[in-house]
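**Q** First, the structure itself, so that you have it in front of you.
The values are calculated or read from the model by the stated rules, or taken from the named source; none is laboratory data. Predicted model, so just to flag it, every value in this text is computed and none were measured. Neighbour counts run over all protein chains shown; Cβ positions are idealised from the backbone, glycine included.
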């Protein structure tokens, strides 16, 4: 997408819609109500990611007011961590199913995606990032990436950098990504550009960490518009933690190989290959991968073929080493130690 | 079922099968292997309840040895708390699906149920229970109930009591129960017998508590053959806790009404009726009902229409009051305070 109006759907200021409860976000109620009326829907399912779940009841209230008495609104209580993480039970059993807070991973009529773009200003933090980026006269190229909730400002970001004299390199990653310049916690293909430095505009530590791991030859500058800080991604501490897990797993006699049953998080071939090659590996299927659920299995180490975030972010919370598929290959001696890299996920489902 | 041989399937001593890893249980490998061969199965799913999950890898090893190279064995990593709690994802996607540790809730060709009967002796604890039961010359009748894992000894229990001079009253509960005299944590219909005292043979506190709540006019004697203690069920502490939750929920402005999506734990009409009657009630759908998952919803109280154990056993772990459907009716003033009773669950799915 190449002009700002293309992103206006989720931007409250560009719609006339007044929400009683929260002026920061546009829940695109008109689009949802249109779908309800068109399909004569009796049941409507709403799915919010964890951080937005508390907004569900208000959105349900608004929809109740705008629709017939007979419409049943259901809120998904399943944990949700991405566009890869649809509540398929609710999706299959409701006439209209709305997934809030993420951009589409796949085109499907079954799901209405409402992205919920952030309205935080990005210009101040972009200005601050100039002190950390190499200046254009020295390093003219800069790659630009951001997360789904700031995509509505992507052209503004690009224009700012161009105005400062940079050549801005962007690309759309792969099928897993909706927008040019978008990154996911599990996919940084949009940063595969011809530039020695990458500017990441967004919050959190996880995304830029993966970015820096995936592109060790590039400097990754993090401009966080929510916490208003500019930093350079540092992978050292993270690498130490990963090598620690690999070393602890080297003595494992029994391996649990996790296949995640969530619609967009399964890597069946990867799981199958490990099992086929190792008599001491057992396939365990589950949707949510949590320490509690694995506690009851008598395993010495685990390999997670599901969401990479589970391994790299939650890893230390598990009672036994939890490795990525690549780390597993190192631990069992199939690959050298220095082949360690960030686990990423490509394709959709 | 009326004679002991009917239960011999799950009783290791009555089979010639030697298990390398655990002589206490009979996993009925022959029956499973027969099904694998008959169906030319490529994928086999194994589901164990929480307490037995660690046995999964050994059972998988044994099955690997007994079947072709090409057979993929998968262990369900989903939490499992009963015959009502099938891993439907795995069930639908495997050629043979085995559910261990519970008796069938419904006849279906999709599932091979392997009950895993306990081999603990029941005679010593039955003898001890005579000190607590009213003697037969005073109160001739006694109801007899037990849980799935001791069902293989049910006739032995009955014969013992008859030998002591009691009239033993038993019945099969309803569709939800497989065997005469069997109780579930959510269903005590088998104790609806003409007797003033009930002997419950089994472990745990939850089952006899529900039993005593459901039958307040009867004395419930608990003979626990695992911990080797005989007690009388006391509901007072439990009742106080339940009334406390009801009182705290009386001021609730927003209600979360949980509909559980597990195959055997959904009470859709109950959930729907609450929503239809109360504009401040919101329907939340989920499979596992955990404190973590509800933390993100901004509700003042919850009603759980799923597994009764969640409310009555886990209830205090939730950050807001968690009520049974009956308790909800009291909290909103539709029913009097003294209508409080144990939540039970009838029918299958």
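**Q** Of A:112, A:125, which residue is closer than 17 Å to residue A:223 by Cα and in contact with a strand residue (DSSP E or B) (Cβ under 9 Å, 6 or more places away or on another chain)? I'd like the intermediate steps shown before the answer.
**A** On the way: A:112 fails: closer than 17 Å to residue A:223 by Cα.
So the residue among A:112, A:125 that is closer than 17 Å to residue A:223 by Cα and in contact with a strand residue (DSSP E or B) (Cβ under 9 Å, 6 or more places away or on another chain) is A:125.
**Q** Testing residue A:148 on (1) surrounded by 22 or more Cβ atoms within 10 Å (Cβ to Cβ); (2) modelled with pLDDT of 95 or more, one condition comes back false. Which one is that?
**A** (2)
**Q** Would you say residue B:200 is in contact with a helix residue (DSSP H, G or I) (Cβ under 6 Å, 6 or more places away or on another chain) and within 14 Å of chain A (Cβ to nearest Cβ)?
**A** When the stated conditions are applied, residue B:200 does not pass them.
**Q** Just give me the residues in the stretch A:216-228 being within 22 Å of residue A:241 (Cβ to Cβ) and crowded, with 21+ Cβ neighbours inside 10 Å, in sequence order.
**A** Scanning the stretch A:216-228 gives A:220, A:222.
**Q** Here's something else I'd like to know. So, in the stretch B:318-349, how many residues would count as being at pLDDT 95 or above and within 24 Å of the chain's Cα centre (by Cα)?
**A** 9
**Q** If you go through the stretch A:280-287 one residue at a time, do you hit one that is within 20 Å of the chain's Cα centre (by Cα) and under 23 Å from residue B:287 (Cα atoms)?
**A** Scanning the stretch A:280-287, I find at least one residue that is within 20 Å of the chain's Cα centre (by Cα) and under 23 Å from residue B:287 (Cα atoms), so the answer is yes.
**Q** Against the definition (within 9 Å of another protein chain (Cβ to nearest Cβ) and crowded, with 20+ Cβ neighbours inside 10 Å), how does residue B:322 come out, yes or no?
**A** No, not satisfied.
**Q** I need a count of the residues in the stretch B:36-45 that are more than 14 Å from every other protein chain (Cβ to nearest Cβ) and surrounded by fewer than 17 Cβ atoms within 10 Å (Cβ to Cβ). Quick ask: steps written out before the conclusion?
**A** Initially, the stretch B:36-45 is screened for residues more than 14 Å from every other protein chain (Cβ to nearest Cβ), giving B:36-41.
When the remaining residues are screened for being surrounded by fewer than 17 Cβ atoms within 10 Å (Cβ to Cβ), the result is B:37-40.
Within the stretch B:36-45, residues that are more than 14 Å from every other protein chain (Cβ to nearest Cβ) and surrounded by fewer than 17 Cβ atoms within 10 Å (Cβ to Cβ) number 4.
**Q** How about the stretch B:86-105: which of its residues are over 23 Å from residue A:277 (Cβ atoms), surrounded by fewer than 23 Cβ atoms within 10 Å (Cβ to Cβ) and within 12 Å of chain A (Cβ to nearest Cβ)?
**A** Passing the criteria: B:88, B:89, B:91, B:92.
**Q** Same structure again: Go through the stretch A:23-70 and report how many residues are under 26 Å from the mean Cα position of the chain (by Cα) and not in a helix (DSSP H, G or I).
**A** Total satisfying the criteria: 12.
**Q** In the stretch B:222-265, which residues are within 14 Å of another protein chain (Cβ to nearest Cβ) and modelled with pLDDT of 95 or more?
**A** B:252, B:253, B:254, B:255, B:256, B:257, B:258, B:259, B:260, B:261, B:262
**Q** Now, a different point. Taking only the stretch A:90-107 into account, find how many residues are in contact with a helix residue (DSSP H, G or I) (Cβ under 9 Å, 6 or more places away or on another chain) and modelled with pLDDT under 95.
**A** 3
**Q** Still on this structure, please answer the following. Tally time: how many residues in the stretch A:272-301 are more than 10 Å from every other protein chain (Cβ to nearest Cβ) and within 30 Å of residue A:205 (Cβ to Cβ)?
**A** Total meeting the criteria: 4.
**Q** Restricted to the stretch B:76-85, and to residues that are under 14 Å from residue A:258 (Cα atoms) and crowded, with 24+ Cβ neighbours inside 10 Å, which residue is nearest to the other protein chains (Cβ to nearest Cβ)?
**A** The selected residue is B:77.
**Q** Among the residues of the stretch A:189-206, is there at least one that is part of a helix (DSSP H, G or I), out of contact with any strand residue (DSSP E or B) (no Cβ under 9 Å at 6 or more places or on another chain) and surrounded by fewer than 23 Cβ atoms within 10 Å (Cβ to Cβ)?
**A** Yes - at least one qualifying residue is present in the stretch A:189-206.
Conditions tested, residue by residue: (1) in contact with a helix residue (DSSP H, G or I) (Cβ under 9 Å, 6 or more places away or on another chain); (2) in the same structural domain as residue B:320 (by TED's automatic domain parsing); (3) under 30 Å from residue B:133 (Cβ atoms).
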{"site": "B:211", "(1), (2), (3)": "yes, no, yes"}
{"site": "B:218", "(1), (2), (3)": "yes, no, yes"}
{"site": "B:222", "(1), (2), (3)": "yes, no, yes"}
{"site": "B:245", "(1), (2), (3)": "yes, yes, no"}
{"site": "B:260", "(1), (2), (3)": "yes, yes, no"}
{"site": "B:263", "(1), (2), (3)": "yes, yes, no"}
{"site": "B:269", "(1), (2), (3)": "no, yes, no"}
{"site": "B:282", "(1), (2), (3)": "yes, yes, no"}
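**Q** Still on this model: Quick check: anything in the stretch B:54-73 closer than 21 Å to residue B:106 by Cβ, more than 8 Å from chain A (Cβ to nearest Cβ) and either crowded, with 16+ Cβ neighbours inside 10 Å or touching a helix residue (DSSP H, G or I) at 6+ places or on another chain (Cβ under 6 Å) (or both)?
**A** Looking through the stretch B:54-73, none of the residues is closer than 21 Å to residue B:106 by Cβ, more than 8 Å from chain A (Cβ to nearest Cβ) and either crowded, with 16+ Cβ neighbours inside 10 Å or touching a helix residue (DSSP H, G or I) at 6+ places or on another chain (Cβ under 6 Å) (or both).
**Q** For residues in the stretch A:123-155 being assigned to a helix (DSSP H, G or I) and touching a helix residue (DSSP H, G or I) at 6+ places or on another chain (Cβ under 7 Å), which is nearest to residue A:210 (Cα to Cα)?
**A** Step by step, filter the stretch A:123-155, then rank; the result is A:151.
**Q** Only one of A:212, A:233, A:276 is more than 17 Å from the chain's Cα centre (by Cα) and surrounded by 14 or more Cβ atoms within 10 Å (Cβ to Cβ); which?
**A** Every option except A:233 fails the conditions.
**Q** Quick one: which of A:137, A:167, A:162 is free of Cβ contacts under 8 Å to residues at least 12 places away in the same chain and either surrounded by fewer than 16 Cβ atoms within 10 Å (Cβ to Cβ) or within 25 Å of the chain's Cα centre (by Cα) (or both)?
**A** Going through A:137, A:167, A:162 in turn, the sole match is A:162.
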